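Read the figures in this text as sums done on the coordinates, not as results from a lab. Bear in mind that the values here come from a model prediction, so they are computed numbers and not experimental data. Reconstructed Cβ throughout: ideal geometry from the backbone, glycine too, with neighbour counts over all protein chains shown.
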Amino acid sequence: MNLAGRVAIVTGAGRGIGKAIALKLAEMGATVVVNDVGDAEPVEAVAEEIRAMNRQSLTILADVSSSVDVARLVEETTAEFGKVDILINNAGIARDQLLLRMTEDDWDKVLAVNLKSVFLCTKAALRPMIKQRWGRVINLSSVTGLVGNVGQANYTAAKAGIIGFTRTVAKEVASRGITVNAVAPGFIETAMTQKLGEKWGEEFKKRIPLGYPGSPQDVAEAVAFLASEEARYITGQVLGVDGGLAISWA
Ligand code: NAP
């Protein structure tokens, strides 16, 4: 599989799964725009790693829940590299709380960063993809969006929403040579799952049929395949990368 000549945007790529995806796409030959919000240093470090592989890379700090920032993200990418071939909607946050204690702000923020962002980024990136009649959009959903999870009404609503969005947009753009798919990771060891605390972490891990948590690299491998030419006949799908967690969840 080769992504030479392709230009990819990976959102939330300063660490965790997004960083692994950015590095994997670069390893396969792609030029990678590394997006994140906040601290520039880790984001620039990812871009440096990519340049060390003799690939092109640009960091763009932008809040993917802001339409103004997203417009700038896509404009700066096309100004620098002339096109967008691959969009990885990875940025996400969790603000867990039982529904009865969940604040309106917890709901709005999680829906904005996890779901509205997918709408904004996909809409903006589709324009150049439609013109060139080739594109790949890959959205990070979650196993919890399929099966639900106590304390995550906001997060699971967003992740389930991503699945509906993926299937609809896949239908809308299929005739333009663009595929739209989702991956649904299970329990992957990142800063996000570290925040769950030991008790919940152990609960999750016990349920994984393969017996161990996933790594960001496991997710990156699946995303890289969906981004490749070899995956041209796959669209509107949700690919679980979860060690079997979804099939074991009662
Ligand atoms: P993570 O380690 O928390 O990384 C998420 C990244 O997104 C961070 O670098 C974060 O930046 C960035 N981000 C947050 N809000 C943003 C915004 N508004 N605009 C741009 N970037 C933003 O999370 P992860 O575990 O790698 O998760 C990556 C994706 O996979 C998420 O969509 C998550 O929901 C999904 N997922 C993860 C798991 C898992 O087990 N880890 C399972 C299923 C699905 P800051 O550092 O500034 O916050």
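For this structure, a couple of remarks:
- A compact globular protein would have a Cα radius of gyration near 2.2 N^0.38 Å; the ratio found for region 106-213 is 1.22.
- Ranking of L73, L98 by neighbouring Cβ atoms within 10 Å, starting from the fewest: L98, L73.
- Charge tally in the Cβ shell below 10 Å around G214, where Lys, Arg are +1 and Asp, Glu are -1, G214 excluded: -3
- Net charge dipole, the chain: roughly 840 debye, given to the nearest 20, about the Cα centre with Cβ charges of +1 for Lys and Arg and -1 for Asp and Glu.
- The chain: angle of helix 117-132 to the longest principal axis, Cα-based, in degrees nearest 10: 30
- Pairwise Cα distances in the chain exceed 32 Å for 15 percent of all pairs.
- With Cα atoms, 0 to 90° folded angle of helix 67-81 axis to the chain main axis: 40
- Here is the tail figure for region 1-149: Cα pairs spaced more than 26 Å apart come to 24 percent of all pairs.
- In the chain, lysine pairs with alpha-carbon atoms under 22 angstrom apart (chain gap of 8 or more, or interchain): 21
- Principal-axis tilt of helix 216-227 within the chain, Cα atoms, nearest 10 degrees: 50
- Projecting the Cα atoms of A182, P42, L111 onto the charge dipole of the chain (Cβ charges, centred on the Cα centre) puts A182 farthest toward the positive pole.
- Summed over qualifying helices (DSSP H, 4 residues or more, each -39500 (n - 2.57)) and divided by its residue number, the chain shows a 222 nm mean residue ellipticity of -14500 deg cm²/dmol.
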